[in-house]
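Colleague: I am attaching a structure below and will ask some questions about it afterwards.
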Amino acid sequence: MNATKGFPKDFLWGGATAANQVEGAWQADGKGPNTADVMAAGDHQTPRRITLDIDPQKYYYPSHDAVDFYHHYKEDIALFAEMGFKVYRMSVNWARIFPTGLETEPNEAGLRFYDDVFAELKKYGIEPLVTLFHNELPLKLVTEMNGWADRRCIDLFLRFAEVLFRRYKGVVKYWIPFNEINDLTTPLGNWNHGGILNPGTEFFTAQADDPDKRFAALHHQFVASAKAVLLGRSIDPAFRFGTMICHITVYPLTCRPEDVLLTQQEDLMRNCFCGDVQVKGAYPWYIKRYFERNNIHFPTLPEDAELLRQGTVDFYSFSYYMTNCVTGQKDAAQVSGNIMGGAKNPYLEASEWNWQIDPVGLRYTLNHVYDRYGLPIMITENGLGARDTLVDGQVHDDYRIAYLKAHIEQMRLAIDDGVELVGYTPWSAIDLVSVSTGEVEKRYGFVYVDKDNAGSGTMRRYRKDSFYWYKNVIATNGETL
Ligand code: BGP
């Protein structure tokens, strides 16, 4: 018998968002400001400015109102349920629970919002998948201690995690301690991922970098993640924890051995390093040489190695939007991306934001990471940022359907290859604020939100064509695409 394998019957179909990109209500019910709240809007050409002093007269800050999920969560979750979501990936906004990050007691009003969100999900039988840290650190921790560069951040994070673990035991099963933890391997990760603001940083896309601090921050996150896993398991042995890697798969631009070697180095450094630590429980050999060669030093404690060894994750998850090429040729045409650009692949089309679209690369990536780790895999982000047009209450986003369909076809082939893929939460469940540009008009959602880049609009929700299409995909468990 040689029938192809389809999606498993309990496959977790769903969608993803992050708190600062959807919630808005940035000062509601005692919430403190966070790193996302001081990033002014930009666009593809205009970089986002980071302003520690918030100046709403001069700048528009898209996270302040975002798409107002805070006041629309019932309506939005009903729409997710209508699509048939089995899982909803969301994050908890740290500054709602600990407004400055330094309090010893949590903010009850902030917790009540998440009580309500989880109750609403439960009503529809939707499983929450919760990211604890998704690009939003209470701002006070930046000004007080330069964010994750300071080891004290570990305990403050654990205080936050413990409150959630105890309160949502029996409610939440799947946790991702850190979103795209590997973004700290590049200077762009300083602000969003590390809460690090070095002198000279004005814009998100051109940050001053201090690699010692940046890798210290990453080390602190590895330790914090391991401690959270151990603490979580002691509170509820049914909890399941995942790593989350921004996987930018790389190919050699040519078969010149030098290009192949550079590609291997890039893959290890950007894609494999953090997963290796969180899945295998130790710093891999190649990163030790990288630190030596680049003269990178940061303090560690003797107990850290044992914590990393014990606090490994249960599943592997990653975001997948694009692939890049690597070459030693200096004059090769370039494309941009979220955390890094790369050489242009002549065989691929790119989105308007210049992200190269590569469905087959997803099958390749799934095989690659399953071979490396052998853990169940969830694709926790994948999608197309595109401009949509609302006409008579309709959005004909056939380009988004084509993107998702092509990627889901490759997921199915990867399952047939033998990969244990257990869930898929495309980005994004609903339109939201783009991290890299601050636009809402770089739209990802199945649900259109009437709001523009300048913050104007009714906030009314509309089902896009992709909404109906995805509903059918879920209803047929991926049989009809
Ligand atoms: C990932 C982030 C998401 C999301 C996505 C799309 O890196 O985890 O939060 O924003 O990228 O990127 P962008 O928002 O820049 O278009």
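Colleague: Which one is nearest to the chain's Cα centre (by Cα) among residues in the stretch 252-270 that are in a loop (DSSP other than H, G, I, E, B) and more than 17 Å from MET322 (Cα to Cα)?
Modeller: THR254
Colleague: When you go through (1) out of contact with any Ser or Thr (no Cβ under 7 Å at 6 or more places or on another chain); (2) within 14 Å of PHE446 (Cβ to Cβ); (3) within 16 Å of the ligand (Cβ to nearest atom) one by one for GLY383, which number turns out not to apply?
Modeller: So the condition that GLY383 fails would be (1).
Colleague: Among the helices (runs of 4 or more DSSP H) confined wholly to the stretch 1-109, which include 1 or more residues that are open to solvent by 10 Å² or more (accessible area, probe 1.4 Å) and without any contact (Cβ under 8 Å) to a residue 60 or more places away in the chain?
Modeller: In the stretch 1-109, 69-83 are the helices (runs of 4 or more DSSP H) which contain 1 or more residues that are open to solvent by 10 Å² or more (accessible area, probe 1.4 Å) and without any contact (Cβ under 8 Å) to a residue 60 or more places away in the chain.
Colleague: Out of the residues in the stretch 158-184 meeting the condition of being farther than 14 Å from ALA228 by Cβ and not basic (Lys, Arg), tell me which one is surrounded by the fewest Cβ atoms within 10 Å (Cβ to Cβ).
Modeller: My answer is GLY170.
Colleague: For residues that are of a type in the set (A, V, I, L, M, F, W, C), modelled with pLDDT of 95 or more and under 22 Å from GLY147 (Cβ atoms), tally how many sit in the stretch 28-53.
Modeller: The number of residues fulfilling the criteria is 5.
Colleague: Can you give me the number of residues within the stretch 295-319 that are closer than 30 Å to GLY423 by Cβ and not basic (Lys, Arg)?
Modeller: Residues meeting the conditions: 12.
Colleague: Kindly indicate the residue of the stretch 420-433 that is hydrophobic (A, V, I, L, M, F, W, C) and open to solvent by 10 Å² or more (accessible area, probe 1.4 Å) and also nearest to the ligand (Cβ to nearest atom) among those meeting that condition.
Modeller: Once the filter is applied, the top-ranked residue is TRP427.
Colleague: Continuing with this model, one more query. Contact list please: Cβ distance under 8 Å, first residue in the stretch 118-133 and outside any strand (DSSP E or B), second residue of a type in the set (Lys, Arg), pairs at least six apart or on different chains.
Modeller: GLU120/LYS74; GLY125/LYS86; ILE126/LYS86
For (1) within 28 Å of TRP285 (Cβ to Cβ); (2) among the aromatic types (Phe, Trp, Tyr), each residue gets a yes or a no:
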| site | (1), (2) |
| --- | --- |
| LEU307 | yes, no |
| GLN310 | yes, no |
| ASP314 | yes, no |
| PHE318 | yes, yes |
| MET322 | no, no |
| VAL326 | yes, no |
| ASP331 | no, no |
| SER336 | no, no |
| GLY342 | yes, no |
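Colleague: Within the stretch 323-356, how many residues are in a loop (DSSP other than H, G, I, E, B) and more than 14 Å from the ligand (Cβ to nearest atom)?
Modeller: Result for the stretch 323-356: 13.
Colleague: What's the total number of residues in the stretch 440-452 that are open to solvent by less than 10 Å² (accessible area, probe 1.4 Å) and within 8 Å of the ligand (Cβ to nearest atom)?
Modeller: 1
Colleague: Condition first: in contact with a Pro (Cβ under 6 Å, 6 or more places away or on another chain), buried (at least 16 other Cβ atoms within 10 Å of the Cβ) and more than 22 Å from HIS368 (Cβ to Cβ). Can you find one or more residues in the stretch 228-235 that meet it?
Modeller: Scanning the stretch 228-235 turns up at least one residue that is in contact with a Pro (Cβ under 6 Å, 6 or more places away or on another chain), buried (at least 16 other Cβ atoms within 10 Å of the Cβ) and more than 22 Å from HIS368 (Cβ to Cβ).
Colleague: Now for a separate question. Within the stretch 461-477, can you find the residues that are of a type in the set (Gly, Ala, Ser) and either touching a strand residue (DSSP E or B) at 6+ places or on another chain (Cβ under 7 Å) or closer than 13 Å to PHE85 by Cα (or both)?
Modeller: ALA475
Colleague: Please indicate, with yes or no, whether at least one residue in the stretch 134-157 is touching a strand residue (DSSP E or B) at 6+ places or on another chain (Cβ under 8 Å) and either open to solvent by 10 Å² or more (accessible area, probe 1.4 Å) or within 20 Å of LEU12 (Cβ to Cβ) (or both).
Modeller: For the stretch 134-157, residues touching a strand residue (DSSP E or B) at 6+ places or on another chain (Cβ under 8 Å) and either open to solvent by 10 Å² or more (accessible area, probe 1.4 Å) or within 20 Å of LEU12 (Cβ to Cβ) (or both): present.
Colleague: Could you please find all residues in the stretch 162-207 being modelled with pLDDT of 95 or more, away from the ligand (no atom under 15 Å from the Cβ), of a type in the set (A, V, I, L, M, F, W, C) and not in a helix (DSSP H, G or I)?
Modeller: VAL171, VAL172, TRP175, ILE196, LEU197
Colleague: Which is at pLDDT 95 or above, among the aromatic types (Phe, Trp, Tyr), within 15 Å of the ligand (Cβ to nearest atom) and under 24 Å from the mean Cα position of the chain (by Cα), of TYR320, TYR316?
Modeller: TYR320
Colleague: Between a first residue in the stretch 329-340 that is open to solvent by less than 60 Å² (accessible area, probe 1.4 Å) and modelled with pLDDT of 60 or more and a second residue that is within 16 Å of the ligand (Cβ to nearest atom) and β-branched (Val, Ile, Thr), which pairs have beta carbons less than 6 Å apart while being 6 or more apart in sequence or on different chains?
Modeller: Partner pairs satisfying both residue conditions: MET340/THR186.
Colleague: Please go through the stretch 453-477 and give me each residue that is open to solvent by 20 Å² or more (accessible area, probe 1.4 Å) and farther than 16 Å from VAL433 by Cβ, ordered by number.
Modeller: THR458, ARG460, TYR462, ARG463, ASP465, TYR468, TRP469, LYS471, ASN472, ALA475, THR476, ASN477
Colleague: If you don't mind, there's one more thing I want to ask. Can you tell me which residues in the stretch 341-393 are modelled with pLDDT of 95 or more, open to solvent by less than 10 Å² (accessible area, probe 1.4 Å) and hydrophobic (A, V, I, L, M, F, W, C)?
Modeller: Result: LEU362, LEU366, VAL369, ILE377, MET378, ILE379.
Colleague: Still on this structure, please answer the following. For the stretch 135-161, what are the residues that are in contact with a Phe, Trp or Tyr (Cβ under 8 Å, 6 or more places away or on another chain) and not in a strand (DSSP E or B)?
Modeller: Listed by number, the residues that qualify are GLU136, LEU137, LEU156, PHE157, ARG159, PHE160.
The values are calculated or read from the model by the stated rules, or taken from the named source; none is laboratory data. Predicted, not measured: the structure shown is a model, and the values here were computed from it. FYI the Cβ positions are ideal-geometry reconstructions off the backbone, even for glycines, and counts take in every protein chain you see. Side chains are part of the model used for accessible areas, which takes the heavy atoms of the whole protein and leaves out ligands, DNA and RNA. Shrake-Rupley method; radii C 1.70, N 1.55, O 1.52, S 1.80 Å.
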